[in-house]
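Novice: Right, I'll just put the structure down here and ask away after.
The values are calculated or read from the model by the stated rules, or taken from the named source; none is laboratory data. These numbers come from a predicted model, not from an experiment. Using ideal geometry, Cβ is built from the backbone for each residue, glycine included, and neighbour counts are taken over all protein chains shown.
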Amino acid sequence: MSKFTKNKIKGSQNIQGDNNYQDNSKTTNNFYPPSEPSKRQSHDWDAGTIMWGSFILLMGLLILVWKYNTYIVQVYRFVNISILLSSTLMIVAVVILWIKNELIDRGVIYFVSSLVFSFLLYTLLTYTQKTISVEIVQLARENSLIDFWGGLEPSDKDLAVANIVSVALIGIATLLNHLISFRQLAYSLASKESNGIWYNAFDTLWLFKLKISGSAIILLVVGTMLVSNGIFPNFQ
């Protein structure tokens, strides 16, 4: 049960009253299909865009994996600290709710879930860290982009890509846990009258409620486990 004394219906601007009216007027739009040359040009443009977009995406991925392995120690340190801090605001929120005598079962569920997510993500990061190849890291640090990829065996390419994808998924899940915690902090500081900056922050961040973002974190955890166990990718 929410602590707020009045609820606002999101996105509803309809107010009941004697002066209300409904506009049932309709606008008819005429549609004229493009001529054949226009269609052909559009298809050519779409094909070219897809081709160049795919090329840029591929080059970006190749550079990203190379640079990632160059600074892999710093990346892991940053993600590790982020995971450990992801439940900090949730702890603060629980303390505030307890002091204000507003802590209910749902607040406890949020608190426990955030801690469980932090533990799972920390465990996964530790597991992926054990899969780091010292040879791949040295190859990235000592060679150019072309020499790096040219010197990798198919199995090494799988490992290099799988590691960065796993860390990326863990990073996204960690960010979601931070946002869940921040939303709960906003809830703890919000006025019961459903107004003020903290209530607006709580209401705006509705997407990061536990039911939605928590489910996303679980999917990201499962995806990380699949990638870390060699389900994706496969250059062999």
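Novice: Only one of these is surrounded by 15 or more Cβ atoms within 10 Å (Cβ to Cβ), touching a residue at least 60 places away in the same chain (Cβ under 8 Å) and assigned to a loop (DSSP other than H, G, I, E, B): Ile96, Ile132. Name it.
Specialist: Every option except Ile132 fails the conditions.
Novice: Return the residue satisfying two criteria in turn: it lies in the range 73-93 and is touching a residue at least 12 places away in the same chain (Cβ under 8 Å) and more than 20 Å from the chain's Cα centre (by Cα), and of such residues it is surrounded by the most Cβ atoms within 10 Å (Cβ to Cβ).
Specialist: In this case the residue turns out to be Ala93.
Novice: Looking at the range 176-194, which of its residues are within 23 Å of the chain's Cα centre (by Cα) and without any contact (Cβ under 8 Å) to a residue 40 or more places away in the chain?
Specialist: Listed by number, the residues that qualify are Leu179, Arg183, Ala186.
Novice: Looking at this structure, is Ala186 among the small types (Gly, Ala, Ser) and modelled with pLDDT under 95?
Specialist: Criteria not met by Ala186.
Yes/no per residue for (1) closer than 24 Å to Leu169 by Cα; (2) more than 23 Å from the chain's Cα centre (by Cα); (3) hydrophobic (A, V, I, L, M, F, W, C); (4) not in a helix (DSSP H, G or I):
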{"residue": "Glu102", "(1), (2), (3), (4)": "no, yes, no, yes"}
{"residue": "Val116", "(1), (2), (3), (4)": "yes, no, yes, no"}
{"residue": "Tyr122", "(1), (2), (3), (4)": "yes, no, no, no"}
{"residue": "Leu125", "(1), (2), (3), (4)": "yes, no, yes, no"}
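Novice: A further question follows. Give me the residue from the range 135-174 that is surrounded by fewer than 16 Cβ atoms within 10 Å (Cβ to Cβ), touching a residue at least 12 places away in the same chain (Cβ under 8 Å) and hydrophobic (A, V, I, L, M, F, W, C) and, out of that set, nearest to Ser86 (Cα to Cα).
Specialist: That would be Ile172.
Novice: All but one of (1) aliphatic (A, V, I, L, M); (2) closer than 29 Å to Lys3 by Cβ; (3) surrounded by 14 or more Cβ atoms within 10 Å (Cβ to Cβ) hold for Val112; state the number of the condition that does not hold.
Specialist: Of the numbered conditions (1) aliphatic (A, V, I, L, M); (2) closer than 29 Å to Lys3 by Cβ; (3) surrounded by 14 or more Cβ atoms within 10 Å (Cβ to Cβ), the odd one out for Val112 is (3).
Novice: Moving to a separate point now. If you go through the range 184-231, how many residues are outside any helix (DSSP H, G or I), surrounded by 14 or more Cβ atoms within 10 Å (Cβ to Cβ) and of a type in the set (A, V, I, L, M, F, W, C)?
Specialist: 2
Novice: Given the condition farther than 22 Å from Ser188 by Cβ and out of contact with any Ser or Thr (no Cβ under 8 Å at 6 or more places or on another chain), answer yes or no: does some residue in the range 99-113 qualify?
Specialist: No, there is no match, as no residue in the range 99-113 is farther than 22 Å from Ser188 by Cβ and out of contact with any Ser or Thr (no Cβ under 8 Å at 6 or more places or on another chain).
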